[in-house]
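The values are calculated or read from the model by the stated rules, or taken from the named source; none is laboratory data. Bear in mind that the values here come from a model prediction, so they are computed numbers and not experimental data. Here Cβ is always computed from backbone atoms with ideal geometry, including for glycine, and neighbour counts include all displayed protein chains. With ligands, DNA and RNA removed, areas are computed over all heavy atoms of the protein, side chains included. Shrake-Rupley method; radii C 1.70, N 1.55, O 1.52, S 1.80 Å.
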Amino acid sequence: ENAIEVLGLKKTYKGNGKAPPKVALRGVDLTVKRGSMFGLLGPNGAGKSTLINIIAGVVNKSEGTVKIWDRDIDTHSRDARSALGVVPQEIVADVFFTPRESLEVQAGFYGVPADERRSDELLAALGLSDKANAYVRSLSGGMKRRLMVAKALVHNPPVLILDEPTAGVDVELRRQLWDYVRKINEEGVTVILTTHYLEEAQELCDTIAIVNRGEVITCEPTEQLLRRL
Ligand code: ADP
Ligand code: ADP
């Protein structure tokens, strides 16, 4: 009953003219159980984004296997896409849209039928109802980030992946995001997040994998890890 299973995953970014090749993952094994709130904790450059970008199908792996929802599916496939909601680290705003339009376009992209769309519900859940019809470019950074979380959820994926969800986010908004992520996890969504804050991993996650220099150093229940630290 795994949400994600990674075996022997390696990644070397090809160099170009000046830049030498860069080894980002050196053989990662990782299992994320269904229903868990899973934290990938490690310093900048450790390989966290590379790992989740490979799972999300936006970066090609060099070697190894990735199973999503216990199926050997191609990470670039439609099946993989429908299983995953991904919130990238950088804010990618649809500046010419309103938040509501942005969610509708995303729902269309995923083929969600009109009667199953829940744009207003998602906007409300993320505190964006007042801005539903404003231009996205007029939203604050925190609001754009919340919109990206809403976008990742339009197709009701069983797994939500967040890359550094609270980087550059103020304390109040961090709390809001944490509460929301906790809520959807309680509703059954498996959550995987990357962070370089122990505090964030400890507060939210039931399981923590520590990533360093392209390797998973340890992966264990949060309480067990904290007892050893
Ligand atoms: P983290 O998310 O833990 O900060 P990353 O996965 O972003 O780590 O990076 C892991 C290593 O791979 C770093 O040394 C980084 O510089 C390198 N890297 C990441 N993306 C690329 C890329 N597109 N091309 C070359 N090297 C990259
Ligand atoms: P591919 O043929 O590899 O699927 P695409 O151009 O369809 O290439 O998209 C590349 C990746 O970018 C896909 O994995 C898809 O998940 C993502 N993608 C493309 N367009 C969108 C979009 N509008 N919203 C979200 N993800 C997108």
With a Förster distance of 25 angstrom and the Cβ-Cβ distance between ASN44 and LYS10, calculated FRET efficiency to the nearest 0.05 equals 0.80
Loop GluC sites (Glu not before Pro), segment 66-145, which have at most 15 other Cβ atoms in a 10 Å radius of their Cβ (DSSP): GLU90
The chain, Gaussian network, Cα under 10 Å: of GLY127, GLY111, GLY17, the residue fluctuating most is GLY17
How much of GLU203 can a 1.4 Å solvent probe reach, expressed as accessible area in Å² and rounded to 10? 80 Å²
With +1 on each Lys and Arg Cβ and -1 on each Asp and Glu Cβ, and nothing else charged, work out how big the dipole of the chain is about its Cα centre, in Debye to the nearest 20. 840 debye
Probe 1.4 Å - accessible area at ILE210, Å² to nearest ten: 40 Å²
Using a probe of 1.4 angstrom, how much of the accessible area of segment 172-214 is carbon and sulfur, in percent? 43 percent
Using a Gaussian network for the chain with springs between C-alpha atoms less than 10 Å apart, which of these wobbles most: ILE208, ILE68, ILE91? ILE91
Could you please put SER102, SER62 in sequence from largest to smallest accessible area, using a 1.4 Å probe? SER62, SER102
As I understand it, the dipole of the chain uses +1 on the Cβ of Lys and Arg and -1 on the Cβ of Asp and Glu, about the Cα centre. Which of SER82, LEU122, TYR13 lies farthest toward its positive end? TYR13
Per residue accessible area of segment 110-183, 1.4 Å probe, in Å²: 45 Å²
Of the heavy-atom accessible surface of segment 14-57 (probe 1.4 angstrom), what whole percent is carbon and sulfur? 50 percent
Selection from ALA3, LEU30, SER62, by position along the positive dipole direction of segment 1-105 (Cβ): SER62
By its C-alpha gyration tensor, with a ≥ b ≥ c as the square roots of the eigenvalues, how is segment 96-207 shaped: rounded for a/c under 1.5, else prolate for a/b larger than b/c, else oblate? oblate
Judged on accessible area alone, 1.4 Å probe, highest first, MET148, MET143 line up as MET143, MET148
Compute, for VAL66, the solvent-accessible surface of its heavy atoms (probe 1.4 Å) with the complete set of protein chains present, and express it in square angstrom to the nearest 10. 10 Å²
Counting each DSSP H run of 4 or more residues in the chain as -39500 (n - 2.57), what helix-only mean residue ellipticity at 222 nm follows after dividing by all residues, to the nearest 500 deg cm²/dmol? -9000 deg cm²/dmol
Rounded to the nearest 20 debye, dipole of segment 61-174 from Cβ charges on Lys, Arg, Asp, Glu: 140 debye
Quick one: ranking CYS219, CYS205 by accessible area, 1.4 Å probe, largest first, what do you get? CYS219, CYS205
Between ALA114 and ILE217, what is the label-to-label distance in nm when each label sits 7 Å out along the Cα-to-Cβ direction? 5.4 nm
Counting Lys and Arg as +1 and Asp and Glu as -1, what is the net charge of the other residues whose Cβ lies under 14 Å from the Cβ of GLU199? -1
Return the equivalent ellipsoid semi-axes of the chain as a descending list in whole Å, where each equals the square root of 5 times an eigenvalue of the C-alpha gyration tensor. 28, 20, 18
